[in-house]
1. Inside segment 1-23, can you point out the residues that are among the hydroxyl-bearing types (Ser, Thr, Tyr) and more than 14 Å from Ala69 (Cα to Cα)?
2. Anything in segment 1-21 that is out of contact with any Gly (no Cβ under 7 Å at 6 or more places or on another chain) and open to solvent by less than 50 Å² (accessible area, probe 1.4 Å)? List them, or say none.
3. Among the residues of segment 117-130, how many are assigned to a loop (DSSP other than H, G, I, E, B) and open to solvent by 40 Å² or more (accessible area, probe 1.4 Å)?
4. Quickly run through segment 109-137 and pick out the residues that are more than 22 Å from Leu80 (Cβ to Cβ) and touching a residue at least 12 places away in the same chain (Cβ under 8 Å).
5. Specify which of the listed residues (Ala150, Ala183) is open to solvent by 70 Å² or more (accessible area, probe 1.4 Å), over 13 Å from the mean Cα position of the chain (by Cα) and at pLDDT below 90.
Amino acid sequence: ATTTYFPIAKGFGQTLNFNCTAMLLPVTRFLVAFLHSRTAARGANRLPILLRWVPHVLPLDKNIVAHKAIAKYFIAFGVLGHAAAHYAHASTLAAPRDQLFGGAGLTGHILSLLMVLIYASAHERVKRLQFETFFAFHHLLIFWFALLLAHGPVFYRWATAPLALYALERLHRQFFRGGKKVALLRFRLFGDVKRP
């Protein structure tokens, strides 16, 4: 049996499918660099028809801001709506406890916990003072996306291409560009520095 809350939960779930994959695109560096190089050097009227919309729609110069905005506003709001509608649906049906804490309910609760850890460690103060914490917790995204694939029955349709692009870019960065020595010419510390 279903209630009016069930389609609401599914609707929020579909917005999450889109936004959880859209969040990856701004941090896929070679995609951003490719689009930026194709659109920045020419005037908008001289772009190929397929790329004319890019400078007007995608914030290529503010890709990290876009990544944060999708996570902070669209995903957080979607998760709250999705979870609230599922809880309302279950409580209306007087669902047994195992329905909320088994199967998709279990993966949903774990996803929410991982999200809290990732969001808390991404706070600007944490990033500035404990970058290692931010870095470690942000890599929980591997488990987060694996759980999303298990949680949402159609999530793979949304996620396959963006996840593949992101994974290829990360592998390329790690194995083909990673490990190269870099000379540090200058170091400047920002933050609470006490001067004598």
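1. Going residue by residue through segment 1-23, those that are among the hydroxyl-bearing types (Ser, Thr, Tyr) are 2-5, 15, 21.
Thr2, Thr3, Thr4, Tyr5, Thr15, listed by residue number.
2. Scanning segment 1-21 gives Thr3, Ala9, Gly11, Cys20, Thr21.
3. Residues of segment 117-130 assigned to a loop (DSSP other than H, G, I, E, B): 122-123, 130.
Applying the additional criterion that residues be open to solvent by 40 Å² or more (accessible area, probe 1.4 Å) yields 123, 130.
Qualifying residue count, segment 117-130: 2.
4. Arg128, Leu129, Thr133, Phe134, Ala136
5. Values: Ala150 fails: at pLDDT below 90.
Within the list Ala150, Ala183, the selection yields Ala183.
Let's see how each residue does on (1) assigned to a loop (DSSP other than H, G, I, E, B); (2) surrounded by fewer than 18 Cβ atoms within 10 Å (Cβ to Cβ); (3) within 12 Å of the chain's Cα centre (by Cα):
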{"residue": "Ile70", "(1), (2), (3)": "no, no, yes"}
{"residue": "His86", "(1), (2), (3)": "no, no, no"}
{"residue": "Ser91", "(1), (2), (3)": "no, yes, no"}
{"residue": "Gly108", "(1), (2), (3)": "no, no, no"}
{"residue": "Met115", "(1), (2), (3)": "no, yes, yes"}
{"residue": "Phe135", "(1), (2), (3)": "no, yes, no"}
{"residue": "Ala146", "(1), (2), (3)": "no, yes, no"}
{"residue": "Pro162", "(1), (2), (3)": "no, no, yes"}
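The values are calculated or read from the model by the stated rules, or taken from the named source; none is laboratory data. Every value quoted in this text rests on a predicted model; they were computed, and no experiment measured them. All Cβ positions, even for glycine, are placed from backbone atoms using ideal geometry, and neighbour counts span all protein chains on display. These accessible areas exclude ligands, DNA and RNA; they are computed on the full protein's heavy atoms, side chains included. Shrake-Rupley method; radii C 1.70, N 1.55, O 1.52, S 1.80 Å.
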